[in-house]
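Please read the structure below before turning to the comments.
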Amino acid sequence: MEQYKKEFIEFMIDCNVLKFGDFVTKSGRKTPFFVNTGFYRTGAQLKRLGEYYAEAINAEFGLDFDVLFGPAYKGIPLTVATTMSIAEMYDEDIKYCSNRKEVKDHGDKGILLGSPIEDGDKVVIIEDVTTAGTSIQETLPIIKAQGDVDVMGLVVSVDRMERGQGEKSALTEIEENYGIKTTAIVTMAEVVEHLYNREYKGRVIIDDTLKAAIDAYYDQYGVK
């Protein structure tokens, strides 16, 4: 596993973003792990998060694209932090863009914040965690409405590796339904691999009991 992935897993724990226990997801699934990206709350945390996203994007898509698009609201700080990190780390000046939830009828009218999207632009979409595809259903028409645009793919921070709306993983469904590549900074399999029976800051995060609960969750909701 690449070093930046290991560091990102530990970074999520330090930021209280990755938690283990008893939770219920938005879709109603009882889960032993939860990823809450709302706990990235400081400038230093956002700077590091942008750097991890930048490495994941470069590894999967390269940097030959024009616009990084982050759907409102959580995608807005992600696009800003990541495009700044790409500029600093790789000396590539990628434009950032997000949508508004409501179209403005005054000032800089329209639905977009940041850079316009123009004919011929290559676009990468950035989100927080694996979605069931509902966000993409709303996001793609907004991007496509801007012109003849090449949507290269989607990057998320964590791939939960569970079924989406059918039998396949949510990211696989997005790839098949919309014809775009998807990637994540880390997958839950990599999280388990890195933390299982390994001490981090004096404690074992994933012991045998928690590992059994995670395995049981994937027996029920994992990809067949």
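The values are calculated or read from the model by the stated rules, or taken from the named source; none is laboratory data. Just so it is clear, the model here is predicted, and its values are computed rather than measured. FYI the Cβ positions are ideal-geometry reconstructions off the backbone, even for glycines, and counts take in every protein chain you see. Quick note on the areas: whole protein, heavy atoms, side chains included, nothing else; ligands and nucleic acids left out. Shrake-Rupley method; radii C 1.70, N 1.55, O 1.52, S 1.80 Å.
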Within the set of pairs 6 or more residues apart or between chains, which connect a residue that is over 18 Å from GLU7 (Cβ atoms) inside segment 194-213 to a residue that is among the hydrophobic types (A, V, I, L, M, F, W, C) with Cβ atoms less than 6 Å apart? LEU210/PHE20
Would you be able to say whether some residue in segment 17-36 is within 19 Å of LEU154 (Cβ to Cβ) and surrounded by 18 or more Cβ atoms within 10 Å (Cβ to Cβ)? yes
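How about segment 152-170: which of its residues are among the hydrophobic types (A, V, I, L, M, F, W, C), within 19 Å of GLU55 (Cα to Cα) and open to solvent by less than 10 Å² (accessible area, probe 1.4 Å)?
Within segment 152-170, LEU154, VAL155, VAL156, VAL158 qualify.
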State whether one or more residues within segment 56-70 are open to solvent by less than 30 Å² (accessible area, probe 1.4 Å) and farther than 21 Å from VAL158 by Cα. yes
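Yes/no per residue for (1) in contact with a strand residue (DSSP E or B) (Cβ under 7 Å, 6 or more places away or on another chain); (2) open to solvent by 20 Å² or more (accessible area, probe 1.4 Å):
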residue	(1), (2)
ILE174	yes, no
ILE180	yes, no
THR187	yes, yes
HIS194	no, no
GLY202	no, yes
TYR217	yes, no
Only one of (1) modelled with pLDDT of 95 or more; (2) farther than 22 Å from SER157 by Cα does not apply to GLN220, and that is (1)
For ASP128, indicate whether it is under 25 Å from ILE13 (Cα atoms), free of Cβ contacts under 8 Å to residues at least 12 places away in the same chain and acidic (Asp, Glu). no
Could you name every one of the helices (runs of 4 or more DSSP H) located completely within segment 125-220 that has at least 3 residues being touching a Gly at 6+ places or on another chain (Cβ under 9 Å)? 170-178
Residues that are under 19 Å from ASP121 (Cβ atoms) and either out of contact with any Ser or Thr (no Cβ under 9 Å at 6 or more places or on another chain) or of a type outside the set (Lys, Arg) (or both): list the helices (runs of 4 or more DSSP H) wholly contained in segment 1-97 that include at least 2 such residues. 43-61, 75-90
